[in-house]
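FYI, it's all coordinate maths here, none of it is from the lab. Owing to the predicted nature of the structure, the values given are computational and were not obtained by experimental measurement. Every residue, glycine as well, gets a Cβ built from its backbone with ideal geometry; the counts of neighbours run over all protein chains shown.
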Amino acid sequence: MMQLYYAGTSPFVRKVTVLALETGQSAKLERVATNPWSDEDPLPGTNPVGRIPALRLDDGTVLSGSQLICEYLDSLHIGTKLFPPAGPARWQALNQQYLADGAMEAGVASVVERLRRPAQYAWPDWVARQKKKVERTLDSFEAMAKQGELSGPITIGTLTIAIALGYIDFRMPDLEWRKTRPALAAWEAVMAERPSLAQTKPA
Ligand SMILES: N[C@@H](CCC(=O)N[C@@H](CS)C(=O)NCC(=O)O)C(=O)O
């Protein structure tokens, strides 16, 4: 059985969990709890970068990072692929994934700053910078929603956008992103009902 190294609220781990649910592969994953912030945690022995998600395959090979792990799992099933084949649909999906990952990375960076950095080293400009990245990316998602670019069959791109919105709701509710982004809010409300997303909502 493949081993998925995870920690509770990581949105990048949630991507892998959602993809496994969407493609009927959850039972193939044994979940291994980690704490990437603890020096005692054995995670760096598996992923030297010390980040989750990491996936250990049956032959011992370790794949790291949500993009690679998701694409690997998508290659293992015979249903509709969430990573479209080479062509415009693929470039669009991968670009959406990149932007949503970037918004989550900025969100994680500001949460780390808030919850982990010792108060005497606080750097408010850094938090403000991360917040601007998230706001701008949300604006780009609103434009995509208005132009119909988020409709059609779901892909790794649209799933990652939904997961990024879930993370922002969870960690940055003060942004109140829905207030100025009605098309994105309407799209998200429908997406949030998908069982894979409803079952994995961060709490
Ligand atoms: N781009 C990476 C980001 C992974 C990431 O940032 N993981 C965080 C948890 S949400 C982590 O392990 N942080 C610990 C660290 O950076 O030391 C991915 O898509 O997997």
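Can you give me the C-alpha center-to-center distance between segment 65-106 and segment 153-201, rounded to a whole angstrom?
Their Cα centres are 17 Å away from one another.
Enumerate the calculated ³J(HN,Hα) couplings along segment 8-21 in order (Karplus 6.51 cos²θ - 1.76 cosθ + 1.60, θ = phi - 60°), each rounded to whole Hz, writing x wherever the residue is Gly or Pro.
Result, ordered by residue: x, 9, 5, x, 6, 5, 4, 4, 5, 4, 5, 4, 5, 5 Hz.
For segment 2-75, what log10 I(q)/I(0) values come out of the Debye formula at q = 0.17, 0.22, 0.25 1/Å, with one point per alpha carbon and no solvent?
Log-scaled intensity ratios, in q order: -0.55, -0.93, -1.20.
Where nothing but the Cβ of Lys and Arg (+1) and of Asp and Glu (-1) is charged, how large is the charge dipole of segment 88-198 around its Cα centre, in debye to the nearest 20?
Details: 15 positive and 13 negative charges, 43 e Å.
Once rounded to the nearest 20, the dipole reads 200 debye.
Name the residues whose placed amide hydrogens come within less than 5 Å of the amide hydrogen of MET2, ignoring near sequence neighbours (fewer than 5 apart) on the same chain.
Here GLU30 satisfy the definition.
Quick one: give the max-minus-min coordinate of the C-alpha atoms of the chain along each principal axis, largest first, in Å.
49, 48, 29
Quote the convex hull volume per residue of segment 62-182, based on C-alpha atoms, as a whole number of Å³.
Working: hull volume 14.6 nm³, N = 121.
Given the Cα convex hull of segment 62-182, per-residue volume reads 121 Å³.
Equivalent-ellipsoid semi-axes (√(5λ), Cα gyration tensor) for segment 79-148, whole Å, largest first?
Working: eigenvalues 206, 40, 12 Å².
With the √(5λ) rule applied to segment 79-148, the semi-axes are 32, 14, 8 Å.
Explain nothing, just compute: Karplus ³J(HN,Hα) = 6.51 cos²θ - 1.76 cosθ + 1.60, θ = phi - 60°, for every residue of segment 77-89 in order, whole Hz, x for Gly and Pro.
Going residue by residue, I get 10, 9, x, 4, 7, 8, 9, x, x, 3, x, x, 5 Hz, with x marking Gly and Pro.
Calculated from DSSP H runs of 4 or more alone, at -39500 (n - 2.57) each and per residue, what is the 222 nm mean residue ellipticity of the chain, nearest 500? Before the final figure, lay out the partial values.
Values: 8 runs with 107 residues, N = 203.
For the chain, the value works out to -17000 deg cm²/dmol.
In whole angstrom, and with the biggest value first, how far do the Cα coordinates of segment 117-164 range along each principal axis?
That gives 49, 18, 8 Å along the principal axes, largest extent first.
List, in order, the whole-Hz ³J(HN,Hα) value for each residue of segment 188-200 obtained from phi through the Karplus relation with A = 6.51, B = -1.76, C = 1.60 and θ = phi - 60°; use x for Gly and Pro.
For segment 188-200, the Karplus curve yields 4, 4, 6, 4, 4, 7, 4, x, 4, 7, 4, 6, 10 Hz.
Based on alpha-carbon positions alone, could you give the equivalent ellipsoid semi-axes of segment 40-88 from the gyration tensor, as √(5λ), descending, whole Å?
Values: eigenvalues 139, 29, 10 Å².
Working through the eigenvalues yields semi-axes of 26, 12, 7 Å.
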